Amino acid sequence: MSVDALLDRDATGIAAAFRAGEASATEIAEAALARIAARNPVLNAFTDVTADRTRARAAALDAARSHRHALPPLAGAPVAAKNLFDIAGVVTRAGSRINRDHAPAPADATAVARLEAAGGLLLGGLNMGEYAYDFTGENAHDGPSRNPHDTTRMTGGSSGGSGGAVAGGLATVALGSDTNGSIRVPSSFCGTFGLKPTYGRVSRAGAFPFVAAFDHVGPLARSVRDLAAVYDVLAGADPADPACTRRATEPVGQSFEAGIAGLRIARLGGWFARNLLPESSAAMEIVCTALHVQREAVLPEAERARGAAFLITMAEAAELHLPRLRTRPGDFDPAVRDRLIAGALLPAAWVQSAQRFRRWFAARAAEVFRDHDVLLAPATPMHAPRLGTQSVTLDGVELPLRANIGVHTQPISFIGLPVVAVPVWPSGAALPLAVQVIAPAWREDLALRVARVLEREGLARAPVAPFGA
């Protein structure tokens, strides 16, 4: 097998090949960099390539292998990070024009440092929606990231470059962030596995903030075993992030293979059974049939939870960006700027009411999990729309597309639950969709177990798109 063909394996598989001597880390690094040079002009997934760093890390791994040193779990696997993560020596764009006037980051974000310490060959920073306030992957400053399965279509956002890089064969694992759905939406549109851990489980230190109340950090990957391996690497306390839990880590590297015997799995009805196009309903039916799901659960007032999430998002984001809005309003994407200005004008009483409702909704979700172990819901109402699409018709009503891609992800982020996005390809479909596998707080293992069963049965998969398709 050529080294280029090796790049289509998942991260765990490439690391195994490196250990077995099938390729050197330097050969893997050069092949990955060559792929970026060939494919990125079309996919527009990378905004910054750290070739010198990649080569230096590869040389160090080759030396470690030659001296028979213990190798870390992801040794030799090409990885990348959304450009809101600090990468030492690189300007942290956060998808914006304004931030590129900043000095380069002096050190890596915690998640980047942990991923590289695990043996990942960091390739660089990835395209994203401006300041993460985006569901489409269309960046006004760096151009849209393009869906590798159909380059006329969106990757989803705001971690659009992350989804495009993994699905397009440019990186095996990509770090993303998820505030209202920004890992799960690109996973759905691009056909990757994605993990939004429990709020506070993975450090956000060194990641440019969006909404402190909802910001999560997690991976997009080609396999469930990669999600499990990367989660085990990333999870853990970090005093640099005040929201990061001190709870002991609970590794999932073995338990994700435990199967689903005895698990009480239900599909979410109510709000989560509405606002769906036929392809998304089909993906849900595939998953529920495969898992023999007969239960239905309801998260009461989920629609209100989505509205409350909107209010808190707008208010916190506006407060964060108010100095930039005052001094450089013309340097924002107008669509982002106008939403931030609207957030600055919200009455404080509305935001306080939303926060009170958040506590109520979390308590209702906890009650649902007394009777169920895992919940299933759509990740997006539709597969990837064409670039430039402005509206979508859901349940007979024409709605703005950008604001309604996350109708089913926002209520879950709102209370910080762990979710695995599982990519499904309905029969004959040229494009994937994801189903959310939702677990109680701190039970990533349960969501990963369900995802792994679907993967093992061939119903969930994350193939690398043929370039140029």
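The values are calculated or read from the model by the stated rules, or taken from the named source; none is laboratory data. Predicted model only: the values in this text are computed from it and were never measured. Positions of Cβ are backbone-derived with ideal geometry, glycine not excepted, and every protein chain shown enters the neighbour counts. Keep in mind that these areas ignore ligands, DNA and RNA; they rest on the heavy atoms of the full protein, side chains included. Shrake-Rupley method; radii C 1.70, N 1.55, O 1.52, S 1.80 Å.
For segment 42-50, does any single residue satisfy the condition of being over 19 Å from residue 90 (Cβ atoms) and either modelled with pLDDT of 95 or more or among the charged types (D, E, K, R) (or both)?
Of segment 42-50, the ones over 19 Å from residue 90 (Cβ atoms) are 42-43.
Applying the additional criterion that residues be either modelled with pLDDT of 95 or more or among the charged types (D, E, K, R) (or both) yields 42-43.
Yes: segment 42-50 contains one or more residues that are over 19 Å from residue 90 (Cβ atoms) and either modelled with pLDDT of 95 or more or among the charged types (D, E, K, R) (or both).
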Name the single residue, out of those in segment 393-426 being touching a helix residue (DSSP H, G or I) at 6+ places or on another chain (Cβ under 8 Å) and hydroxyl-bearing (Ser, Thr, Tyr), that is surrounded by the most Cβ atoms within 10 Å (Cβ to Cβ).
409
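Being more than 26 Å from residue 276 (Cα to Cα), surrounded by fewer than 22 Cβ atoms within 10 Å (Cβ to Cβ) and at pLDDT 95 or above narrows it down to one residue among 204, 225; which is it? Outline the logic, then answer.
Values: 204 fails: surrounded by fewer than 22 Cβ atoms within 10 Å (Cβ to Cβ).
Of 204, 225, the one residue that is more than 26 Å from residue 276 (Cα to Cα), surrounded by fewer than 22 Cβ atoms within 10 Å (Cβ to Cβ) and at pLDDT 95 or above is 225.
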Every residue in segment 56-91 that is open to solvent by 20 Å² or more (accessible area, probe 1.4 Å) and within 19 Å of residue 165 (Cα to Cα), please.
86, 90
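Condition test on residue 376, is it among the hydrophobic types (A, V, I, L, M, F, W, C), under 18 Å from residue 289 (Cα atoms) and open to solvent by 50 Å² or more (accessible area, probe 1.4 Å)?
Details: among the hydrophobic types (A, V, I, L, M, F, W, C): yes; under 18 Å from residue 289 (Cα atoms): yes; open to solvent by 50 Å² or more (accessible area, probe 1.4 Å): no.
Answer is no for this residue.
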Among residues belonging to segment 38-55 that are assigned to a loop (DSSP other than H, G, I, E, B) and not aliphatic (A, V, I, L, M), point out the one that is nearest to residue 167 (Cα to Cα).
44
Do any residues in segment 23-37 that are part of a loop (DSSP other than H, G, I, E, B) have Cβ atoms under 6 Å from those of residues that are open to solvent by 10 Å² or more (accessible area, probe 1.4 Å) and polar (S, T, N, Q), where the two are at least six apart or on different chains, and which pairs are they?
none
Hey, any hits in segment 235-246 for a residue that's open to solvent by 10 Å² or more (accessible area, probe 1.4 Å), out of contact with any Pro (no Cβ under 8 Å at 6 or more places or on another chain) and more than 30 Å from residue 131 (Cα to Cα)?
no
Within segment 263-273, can one find any residue that is within 29 Å of residue 317 (Cβ to Cβ) and in contact with a strand residue (DSSP E or B) (Cβ under 8 Å, 6 or more places away or on another chain)?
yes
Residues of segment 359-373 classified as surrounded by 18 or more Cβ atoms within 10 Å (Cβ to Cβ), within 14 Å of residue 304 (Cβ to Cβ) and of a type in the set (Phe, Trp, Tyr), total:
1
What are the residues in segment 258-278 that are under 22 Å from the mean Cα position of the chain (by Cα) and part of a helix (DSSP H, G or I), if any?
272
Condition met for residue 198 (over 24 Å from residue 97 (Cα atoms) and in contact with a Gly (Cβ under 8 Å, 6 or more places away or on another chain))
yes
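Identify all residues within segment 10-22 that are assigned to a loop (DSSP other than H, G, I, E, B) and either among the small types (Gly, Ala, Ser) or open to solvent by less than 70 Å² (accessible area, probe 1.4 Å) (or both); write none if there are none.
In the first step, residues of segment 10-22 are kept if they are assigned to a loop (DSSP other than H, G, I, E, B); the result is 10, 20-22.
Answer for segment 10-22, where residues must be assigned to a loop (DSSP other than H, G, I, E, B) and either among the small types (Gly, Ala, Ser) or open to solvent by less than 70 Å² (accessible area, probe 1.4 Å) (or both): 10, 20, 21.
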Residue in segment 342-351 that is nearest to residue 318 (Cα to Cα), counting only those that are open to solvent by less than 40 Å² (accessible area, probe 1.4 Å) and not small (Gly, Ala, Ser):
346
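Being closer than 16 Å to residue 446 by Cβ and open to solvent by less than 70 Å² (accessible area, probe 1.4 Å) is the requirement here; does residue 307 meet it?
So residue 307 does not fit the description; no.
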Counting only residues that are within 15 Å of the chain's Cα centre (by Cα) and surrounded by fewer than 23 Cβ atoms within 10 Å (Cβ to Cβ), how many does segment 140-171 have?
0
When (1) free of Cβ contacts under 8 Å to residues at least 60 places away in the same chain; (2) among the hydrophobic types (A, V, I, L, M, F, W, C); (3) open to solvent by less than 20 Å² (accessible area, probe 1.4 Å); (4) farther than 19 Å from residue 406 by Cα are applied to residue 354, the one that fails is (4)
